[in-house]
Amino acid sequence: MSNISGGLVHETPVDLASALRQKKETTELWESLTAIARNEFICWIEDAKQEKTRVKRINRAVEELLEGKKRPCCWVGCIHRTDKKPGKWQQNVLIEKKQRKSIAN
(Lines give C-alpha, C1' and ligand atoms only; values in the text may rest on other atoms or scores of the structure.)
Protein backbone atom coordinates (compact mmCIF):
# COMPACT_ATOMS: atom_id res chain seq x y z
CA MET A 1 0.00 0.00 0.00
CA SER A 2 1.38 3.38 -0.93
CA ASN A 3 1.53 6.19 1.56
CA ILE A 4 -0.98 8.99 1.31
CA SER A 5 0.51 12.38 2.10
CA GLY A 6 -0.83 14.36 5.01
CA GLY A 7 -1.37 18.05 5.42
CA LEU A 8 0.58 20.87 6.95
CA VAL A 9 -0.68 20.09 10.47
CA HIS A 10 -2.90 17.02 10.15
CA GLU A 11 -2.02 13.48 9.13
CA THR A 12 -4.34 11.77 6.68
CA PRO A 13 -6.80 9.61 8.63
CA VAL A 14 -7.08 5.95 7.73
CA ASP A 15 -10.68 6.19 6.46
CA LEU A 16 -9.86 9.08 4.13
CA ALA A 17 -6.70 7.36 2.88
CA SER A 18 -8.73 4.24 2.15
CA ALA A 19 -11.27 6.24 0.13
CA LEU A 20 -8.50 8.00 -1.80
CA ARG A 21 -6.88 4.67 -2.68
CA GLN A 22 -10.05 3.36 -4.34
CA LYS A 23 -9.02 4.94 -7.64
CA LYS A 24 -5.57 5.77 -8.91
CA GLU A 25 -6.96 9.09 -10.17
CA THR A 26 -8.07 10.25 -6.72
CA THR A 27 -4.72 9.27 -5.21
CA GLU A 28 -2.91 11.26 -7.90
CA LEU A 29 -5.21 14.26 -7.46
CA TRP A 30 -4.69 14.18 -3.68
CA GLU A 31 -0.93 14.04 -4.09
CA SER A 32 -1.01 16.97 -6.54
CA LEU A 33 -2.52 19.23 -3.85
CA THR A 34 -0.33 21.41 -1.69
CA ALA A 35 0.16 20.37 1.94
CA ILE A 36 -2.02 23.32 2.95
CA ALA A 37 -4.86 22.23 0.66
CA ARG A 38 -4.65 18.63 1.92
CA ASN A 39 -4.69 20.01 5.44
CA GLU A 40 -7.94 21.89 4.77
CA PHE A 41 -9.69 18.73 3.56
CA ILE A 42 -8.42 16.71 6.52
CA CYS A 43 -9.40 19.33 9.10
CA TRP A 44 -12.85 19.69 7.54
CA ILE A 45 -13.37 15.92 7.72
CA GLU A 46 -12.00 15.62 11.25
CA ASP A 47 -14.26 18.46 12.43
CA ALA A 48 -17.38 16.35 11.79
CA LYS A 49 -19.14 15.61 15.05
CA GLN A 50 -21.05 12.53 13.90
CA GLU A 51 -19.75 9.48 12.06
CA LYS A 52 -22.39 9.81 9.32
CA THR A 53 -21.27 13.41 8.69
CA ARG A 54 -17.65 12.28 8.54
CA VAL A 55 -18.52 9.62 5.96
CA LYS A 56 -20.44 12.18 3.88
CA ARG A 57 -17.49 14.56 4.01
CA ILE A 58 -15.04 11.87 2.92
CA ASN A 59 -17.28 10.98 -0.02
CA ARG A 60 -17.72 14.64 -0.87
CA ALA A 61 -13.96 15.25 -0.69
CA VAL A 62 -13.38 12.47 -3.23
CA GLU A 63 -16.11 13.89 -5.49
CA GLU A 64 -14.71 17.40 -5.22
CA LEU A 65 -11.21 16.22 -6.08
CA LEU A 66 -12.59 14.52 -9.19
CA GLU A 67 -14.37 17.79 -10.06
CA GLY A 68 -11.04 19.60 -9.91
CA LYS A 69 -11.56 21.41 -6.63
CA LYS A 70 -8.47 22.14 -4.55
CA ARG A 71 -10.15 22.98 -1.22
CA PRO A 72 -13.34 21.88 0.51
CA CYS A 73 -16.34 24.04 -0.27
CA CYS A 74 -17.67 26.20 2.55
CA TRP A 75 -14.70 25.61 4.90
CA VAL A 76 -13.07 28.68 6.40
CA GLY A 77 -9.82 26.96 7.09
CA CYS A 78 -7.93 24.99 9.69
CA ILE A 79 -7.76 26.60 13.12
CA HIS A 80 -4.91 24.30 14.16
CA ARG A 81 -2.19 25.91 12.04
CA THR A 82 0.57 27.60 14.00
CA ASP A 83 2.07 29.37 10.98
CA LYS A 84 -0.96 31.60 10.45
CA LYS A 85 -3.10 33.60 12.85
CA PRO A 86 -6.81 32.65 12.63
CA GLY A 87 -8.98 35.18 10.81
CA LYS A 88 -11.69 37.12 12.66
CA TRP A 89 -14.42 34.80 11.42
CA GLN A 90 -12.50 31.73 12.52
CA GLN A 91 -11.83 33.26 15.92
CA ASN A 92 -15.42 34.32 16.52
CA VAL A 93 -17.24 31.35 15.09
CA LEU A 94 -14.98 28.34 15.39
CA ILE A 95 -12.58 28.93 18.25
CA GLU A 96 -14.75 30.88 20.69
CA LYS A 97 -17.77 28.67 19.97
CA LYS A 98 -15.76 25.57 20.91
CA GLN A 99 -14.47 27.28 24.05
CA ARG A 100 -18.02 28.22 25.09
CA LYS A 101 -19.14 24.61 24.61
CA SER A 102 -16.24 23.35 26.75
CA ILE A 103 -17.13 25.75 29.56
CA ALA A 104 -20.80 24.78 29.41
CA ASN A 105 -19.94 21.08 29.80
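The values are calculated or read from the model by the stated rules, or taken from the named source; none is laboratory data. All of these numbers come straight from a predicted model, not from anything done at the bench. Ideal geometry is used to build each Cβ from the backbone, glycine not excepted, and the neighbour counts take in all protein chains shown. Each accessible area value is taken on the protein alone, full model and side chains, heavy atoms only, with ligands, DNA and RNA left out. Shrake-Rupley method; radii C 1.70, N 1.55, O 1.52, S 1.80 Å.
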Per-residue ³J(HN,Hα) for segment 64-70, Karplus 6.51 cos²θ - 1.76 cosθ + 1.60, θ = phi - 60°, Hz, x for Gly and Pro: 5, 4, 5, 7, x, 6, 9
Gained length - ASP47 relative to LYS23, 0.36 nm times residue gap less alpha-carbon distance: 6.2 nm
Protein accessible area in segment 1-48, 1.4 Å probe - carbon and sulfur %: 50 percent
Trypsin sites (Lys or Arg not before Pro) restricted to DSSP loop in segment 1-48 with at most 14 other C-beta within 10 Å: ARG21, LYS23
Diffusion coefficient, µm² s⁻¹, Stokes-Einstein with Kirkwood Rh over alpha-carbon pairs of segment 17-60 at 37 °C and 0.692 mPa s: 299 µm²/s
